[in-house]
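The structure appears below as structure tokens.
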Amino acid sequence: MQAREAAIEIVDRLRGRGHQAYLVGGCVRDLLLGREPADYDVATDAVPEQVMKIFPRTWAVGAQFGVVLVPIPDEPECDPGGTNPQSHHHGCVEVATFRSDGVYSDGRHPDEVRFSKDPREDVQRRDFTINGMLLDPVNHDEVLDFVGGRADLAAKVVRTIGDPKRRFDEDKLRMIRAVRFAARFGYEIVPETMDAIRELASQIKVVSHERVRDELTKMLTEGHARRAFELLDESGLLAQVLPEIAKMKGVEQPPQYHPEGDVWIHTLMLLEQLQPNSSTTLAWGALLHDVGKPSTFRRAPDRIRFDGHVDVGVKMTERLGKQMRFSKDQLEQVSALVENHMKFGEVTHMRESTLKRFMRLPRFDEHMELHKMDCLASHRNLGSYEFVKQKMEETPAKEIRPEPLVKGDDLIAVGYRPGPRFKEILSAVEDGQLEGRLLSHEQAMEFVQAEFPL
């Protein structure tokens, strides 16, 4: 069953039991914009116990706040206990009881919740006017708009519902979400809301690194990454959540390689090339590839230099990735993208063995894509990119990653003793194999005994 059908059926069944029920939030906004919503949410005056009686298979993920997840039939089960808070919604419809909230002393959850019978009261606690509308799917898709959301959609603006400072005090992450929605839809943030973000930006630090990371990842992968990061900068949030990126501003680069301008402009030009649904690792690699430049800037007699910026950048990436709790796999790939992005400059002079080892890096397509974006955001010379692309097209996979001609057991059989020398011998054999000098096991063993006598 489709998510939309499931949500309408939930509304229908709640109505059939005498409750009020509507579609609410982002799905209403997306439907009014003619977009297919990622998720559907329902708001009702039924309290969690009543919802769970009507729908026996449910998860009370936030029953104290009135939130129950109802699985969508025939969809992969939603994952309320999963490690990714973004994923638990998929395969489910979130059903929330109308409520009004008390104070939010932790900047995320209300200290007390009062369930309500009035949808008007419920929408007042929501974040932005464009996310605060209700839709009646049973009654000709009538829209209930108590907050001016339709007018703000038409005006293409992001505005908090009610007092912006109060809304951001309730959940500081809303400041970053304002930026993300404005970038995603190409909207402006109204001055009153933007002023409140600037005033409260330093308080974003109370939000967990994981929640900030998830919002930033969405910004990077929704197809409007440049605008998102320009708005993060204008709002004062960038210096708080990613000071390493904010430091790129005004860091000059040698004009012969970077006619586009400073490191910040160059990075924005890379972000502009990120397509919607880019991989998380490519997106973060694009953002961080030159993160080591500000601290290694040096004006040498011949030109501006950034000696060691790759090594510094890898260390900074690893530190940031651990702080933001990237998965081990993600952090390894983003670090590898930062570590290898300058190697493309040497590809035409590399030994065959070095080039083949380079081309067999995990997810090498992302290294290629980052290099291409890097060139297009600077000197625009794609010579190295085209060279490697052609090399990959004409080199069979088994030549890039061939079966070893010699293994450790072969060395032991003729009297070599395991130890550090083993690695050196096996690496030298592989070089010869990758370069086409060694073609058989016999030839390789002769080479070993000649070059590494017992």
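Within segment 7-37, restricting attention to residues that are more than 25 Å from residue 101 (Cα to Cα) and free of Cβ contacts under 8 Å to residues at least 12 places away in the same chain, the residue that is most open to solvent (accessible area, probe 1.4 Å) is 36. Pairs meeting the criteria (first residue in segment 279-302 and under 16 Å from residue 319 (Cα atoms) and modelled with pLDDT of 95 or more, second residue open to solvent by less than 40 Å² (accessible area, probe 1.4 Å) and of a type in the set (Asp, Glu), beta carbons under 8 Å, at least 6 apart or on different chains) are 281/366; 285/366; 288/244; 289/374; 291/244.
When 365, 302, 307 are checked against the criterion of being touching a Ser or Thr at 6+ places or on another chain (Cβ under 9 Å) and open to solvent by 70 Å² or more (accessible area, probe 1.4 Å), a single residue qualifies: 307. Checking each residue in segment 419-435 for being open to solvent by 40 Å² or more (accessible area, probe 1.4 Å) and either within 11 Å of residue 448 (Cβ to Cβ) or out of contact with any helix residue (DSSP H, G or I) (no Cβ under 8 Å at 6 or more places or on another chain) (or both) picks out 420, 421, 423, 424, 426, 427.
Applying the condition of being among the small types (Gly, Ala, Ser) and outside any helix (DSSP H, G or I) to segment 296-330 and asking which residue is nearest to residue 374 (Cα to Cα) yields 308.
Restricting the first member to segment 191-206 and to residues that are under 17 Å from residue 228 (Cα atoms), and the second to residues that are open to solvent by 70 Å² or more (accessible area, probe 1.4 Å), the beta-carbon pairs closer than 6 Å and six or more apart or on different chains are 193/159. Can you find a residue that is in a helix (DSSP H, G or I), under 30 Å from residue 446 (Cα atoms), open to solvent by less than 70 Å² (accessible area, probe 1.4 Å) and without any contact (Cβ under 8 Å) to a residue 12 or more places away in the chain anywhere in segment 405-418? For segment 405-418, residues in a helix (DSSP H, G or I), under 30 Å from residue 446 (Cα atoms), open to solvent by less than 70 Å² (accessible area, probe 1.4 Å) and without any contact (Cβ under 8 Å) to a residue 12 or more places away in the chain: absent.
For segment 285-295, indicate whether the set of residues that are open to solvent by 50 Å² or more (accessible area, probe 1.4 Å), among the hydroxyl-bearing types (Ser, Thr, Tyr) and outside any loop (DSSP other than H, G, I, E, B) is non-empty. Among the residues of segment 285-295, at least one is open to solvent by 50 Å² or more (accessible area, probe 1.4 Å), among the hydroxyl-bearing types (Ser, Thr, Tyr) and outside any loop (DSSP other than H, G, I, E, B), which makes the answer yes. For segment 93-107, the criterion of a residue being modelled with pLDDT of 80 or more, within 31 Å of the chain's Cα centre (by Cα), acidic (Asp, Glu) and in a loop (DSSP other than H, G, I, E, B) is satisfied by no position.
Does residue 389 satisfy being charged (D, E, K, R) and over 30 Å from residue 280 (Cβ atoms)? So residue 389 fails the test. For segment 369-404, filtered to residues that are part of a loop (DSSP other than H, G, I, E, B) and in contact (Cβ under 8 Å) with a residue 60 or more places away in the chain, the residue that is nearest to the chain's Cα centre (by Cα) is 377. The set of residues in segment 213-238 that are open to solvent by 10 Å² or more (accessible area, probe 1.4 Å) and farther than 12 Å from residue 264 by Cβ comprises 213, 214, 217, 218, 221, 222, 223, 224, 227, 234, 236. Determine whether segment 331-353 contains at least one residue that is in a helix (DSSP H, G or I), at negative phi, open to solvent by 50 Å² or more (accessible area, probe 1.4 Å) and among the basic types (Lys, Arg). Yes. Just one of the listed residues (386, 442, 339, 346) is farther than 30 Å from residue 269 by Cα and among the acidic types (Asp, Glu), namely 442.
The values are calculated or read from the model by the stated rules, or taken from the named source; none is laboratory data. Quick caveat: nothing in here was measured; it's all calculated off a predicted structure. Backbone-built Cβ (ideal geometry, glycine too); neighbour counts: all protein chains shown. Note: accessible area is taken over every heavy atom of the protein model, side chains too, but ligands, DNA and RNA are not part of it. Shrake-Rupley method; radii C 1.70, N 1.55, O 1.52, S 1.80 Å.
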